[in-house]
Amino acid sequence: MKRIISLLLCALLLSASVLALFSCGAPKDLGAKISVYLGEGVYDLDPTAYAVSDNAGQVISLLYEPLFTINAKNRLGKAAAKSYKIDKKERRITVTLRESYWSDGVRLTADDYLYAWREVLLEPNHVSPAAALLYDIENAVAVKSGEADLYDLGVSAEGYELTITYREGADPKQLLRNLASVYTAPLRRDAVAKGGDFWSKKLSLSVSNGPFAVSMIDDEGGSFVLTRNEGYHQSPDVKNVTTKVTPHQLVSFTFSGETKTLTYDDVKNRVVFFLSDAPASDRSANAKKATAVDTLSAYTYVFNTERAPFNNAAVRSALLKALPREEIAEALVFAKAATGLLPESVLDLATGKSIRKKNEILSSSAELDAAKALLAGLSLSEEEKSFTLTVSDNEDERIIAQFAKAAWEELGFSVTVDAVGYVSESLVDVEDSDKTKKAYFEAHDAKVQVLVADAAQGKRDFDVIGFDMNFYSKDPFVGLAQFAKKYSGNGASFDAEELTEGSETLPPIREKTARPFFNGWQSDEYDALIDKAFAATDKKERSAALRDAENLLIREAVVCPVVFNQNYAFTQDLSRVSTDGAGNFVLTRTKQRNYRKYLDED
């Protein structure tokens, strides 16, 4: 879901800083500095964070690189991986990395991937549905649930080679495709250790292994700069560092005075050359001039099933049926009415075609009569009929919320829309080892993301909440796993109980309790379907179990899909702008016509 916010990485850091990108061998002409606008603010540079915005994947894909890639035609390619081989007898995949460097000049190693997977994404206290991308690795599910030690994970790293043991029954080729998700990108152990919980919010600790790195943020002026990572897929000592990444910089538009919203006219007049957000009215007027592509996310409302009346499946189903999805999609312009939970980009693995092909399980138009029939005879108190819909404070989500409010109030509910921004926390940053110098800074988080992440750990402070539900992979299992307690990606709670025997107190026993989907919903029937899909070695059997699982989610109205998201951009004088299989724009090889006209005099 695109947002209209004046600055990429808005309020991520409050002071302008410059990342020391190395530049050995740089030619005099470093290439184009392209004026861009990439959309909404992103408050976190951690690819393993709980993603609640489809734009987060776009930004992270410019900064980080996984082992593999999937292009717009759904073909697997090598990214950071130089080569790989599969040994089916030993259930082993060996991946050799190409020579590539982090943005501070440190060479990328296999341990960077191992660290991100084993000690972050699969760590039991870390919440993220993206953990399901790794579940085909030996012991990954047990590690995530706390039933196995981290070091039992079937991955080892030595130098520039990763050895991955996949679980019995897994399809190694599908695992490779899941490892093309940017959410499996590497992390630097030293950067995370130095910054603790806030490593991804400090520019001084930010290092990237992708084509670009954040080199400057000026919060007051409203600008940012992404600069070429000169060690991307090559040694920084090469004679011409421009060969792997064509643009020198992607420079955001600078706003002055009142916040300005860019329109298509700014593209036409060459104020900005790549615009991936615009007011809804401007999108509608210029829709044919944009490039739009389906993404792996759906804007979705989630009900807190621990609160009345959302603990009643009939109420949830009535709210689900009442939404006019086609009208909402038309108002947003670059969106499609959700006809299920999984978006069209997700594939039925048995056929290789879209999961939605001949499988529409949700009406695109409002079914008010059916919704009213579900509510007939229910005795709801006035308190139960009043609830709050929490959404992010931007044009698109407010548009959707007004449609939802109108539809739900026609059913007799009273709906308050709470459009929230971000929350901040003041922190002390110790600048040197003797701890004598301290600096204060503020870390910012999108409030919706905080509410979702807290709910994943059991603190559910919302009635109904809206966000971009990301599915991370074209594999339907990855998207559907998050609703099953064992596979949710929310890890486990460890509760210590003191047991007594007579007058003697025994040592505490730590009980592991798997956390369910973040709205608290649990179903033995659903869990059994996901277990069946996980164990299946036949693609048809696996696909059938996953279809049944998605149908159950819609039948029980566990969540309320609204629209399938599309990424879009208006461009001017740019060539070689492509998209990947997740719907992200790839700007690595982008060229700008007459770029020297727009370079600084110096």
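Values in this text are rule-based calculations from the coordinates and carry no lab data. Small disclaimer: the values here were computed from a predicted structure and weren't measured. Here Cβ is always computed from backbone atoms with ideal geometry, including for glycine, and neighbour counts include all displayed protein chains.
Okay, here's what the table says:
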read-out: Extension gain (nm, one decimal) between T96 and T388, 0.36 nm per residue minus Cα-Cα; value: 100.0 nm
read-out: Cα lying deepest toward the dipole's positive end in the chain, options P211, G195, F534, charges on Cβ; value: P211
read-out: Dipole of the range 38-192, positive direction: furthest Cα of L150, Y50, V95, with charges on the beta-carbon; value: V95
read-out: Estimated translational D of the range 63-201 in µm²/s (Stokes, Kirkwood radius over Cα pairs; 25 °C; 0.890 mPa s); value: 161 µm²/s
read-out: Cα-based reach from K372 at 19 Å (exclusive), listing lysines while leaving out same-chain residues under 8 positions away; value: K321, K385, K405
read-out: Cα pair distances exceeding 20 angstrom across the range 305-360, given as percent; value: 46 percent
read-out: Cβ crowding within 10 Å averaged over residues, with 381-392, 469-480 ranked highest first; value: 469-480, 381-392
read-out: Assigned charges on the beta-carbon of Lys, Arg, Asp, Glu; the chain dipole about Cα centre (debye); value: 2880 debye
read-out: Protection proxy ranking, peptides 558-565, 146-153, average beta carbon neighbours within 10 Å, highest first; value: 558-565, 146-153
read-out: Cα pair distances in the chain, grouped into 10 Å bins until the bin that holds the longest one, percent each; value: 3, 16, 27, 27, 18, 7, 1, 0, 0
read-out: Relative contact order for the range 62-154, counting Cα pairs under 8 Å that sit 6 or more residues apart, in percent; value: 14 percent
